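A.B. asks: Just passing along the structure, written as structure tokens.
Where a number appears in this text, it was derived from the coordinates with a stated rule and is not lab data. Since this is a predicted model, take the numbers as computed values, not measurements. Virtual Cβ from ideal backbone geometry, glycine too; neighbours counted across all protein chains shown.
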Amino acid sequence: MSPKPRADTIDLDELKVNNLERPLDERGPPRPGTKEWLAWRLQQAFLTLDALPDSARPRGFGRAMPAYVHDALDLWYQRMQADDERRQNDEHRNRVRLRPSAVAISEMHEAFDWLARLRRAEPGAATVLQAWALATARRYNLRRLCRNRQWSYSGFHRKRERGLTLLLDLINFERP
């Protein structure tokens, strides 16, 4: 049995890992002009959309309801609510969200413009490609998506590949 290393012989600097120095995706973005890059850009567009603040999204009738009236029991409960329960609710509301940059927002608009052009040329492929990009960006189960929409899973992937090919041809055709 080997002896245990003593605490004064361990180099603590070698054990430290700073996650901020490491890129999030070790592979990085795919090579531009490929189907993988196009799929990556569509996913990034939906991630950017989800990261936008709620005030930048379309608004419904948010102020149509009158102010909420608190009854005596509700006011009593608010006074008696435990500090840890209040703190737990505050942690959820006060979490830090990184807002997308102007470049990310313009790339999002460009990717959505690509989807709009594909929808005019091939509506079915655009629907499948949009559903795929949204589901993968939000980490939704693709089999469940296909089951809910009554799509065949293999047909879904065929249409996705066809949509990526058509979209790549559309983009390459329009570039100088």
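A.B. asks: Between A51 and T165, what FRET efficiency comes out of the Förster formula 1/(1 + (r/R0)^6) with R0 = 30 Å and r the beta carbon distance, rounded to 0.05?
C.D. replies: Numbers: r = 29 Å, r/R0 = 0.96.
Computed FRET efficiency for T165 and A51: 0.55.
A.B. asks: What is the packing order of peptides 139-151, 68-80, 112-124, 155-167, taking the mean over residues of other C-beta atoms within 10 Å and listing the highest first? Write out the running numbers ahead of the final one.
C.D. replies: Working: 139-151: 12.2, 68-80: 8.5, 112-124: 14.5, 155-167: 17.6.
Ranking the peptides 139-151, 68-80, 112-124, 155-167 by packing returns 155-167, 112-124, 139-151, 68-80.
A.B. asks: Ok, one more. Suppose each label sits 7 Å from its Cα in the direction of the beta carbon; what would the Y140-Q88 distance come out to in nanometres?
C.D. replies: 3.0
A.B. asks: Pulled fully out, how much extra length does the chain show between R147 and K35, if you take 0.36 nm times their separation in residues and subtract their Cα-Cα distance?
C.D. replies: Answer, rounded to one decimal: 37.8 nm.
A.B. asks: State whether segment 89-176 is rounded, prolate or oblate according to the following rule on the C-alpha gyration tensor (a ≥ b ≥ c being the square roots of its eigenvalues): a/c under 1.5 gives rounded; otherwise a/b larger than b/c gives prolate, and the remaining case gives oblate.
C.D. replies: Working: a/c = 3.32, a/b = 1.27, b/c = 2.62.
It is oblate, given that a/c is not under 1.5 and a/b is not larger than b/c.
A.B. asks: Under the rule of at least 5 residues apart or a separate chain, name every residue whose amide H is placed under 5 Å from the amide H of E122.
C.D. replies: Correct list: empty.
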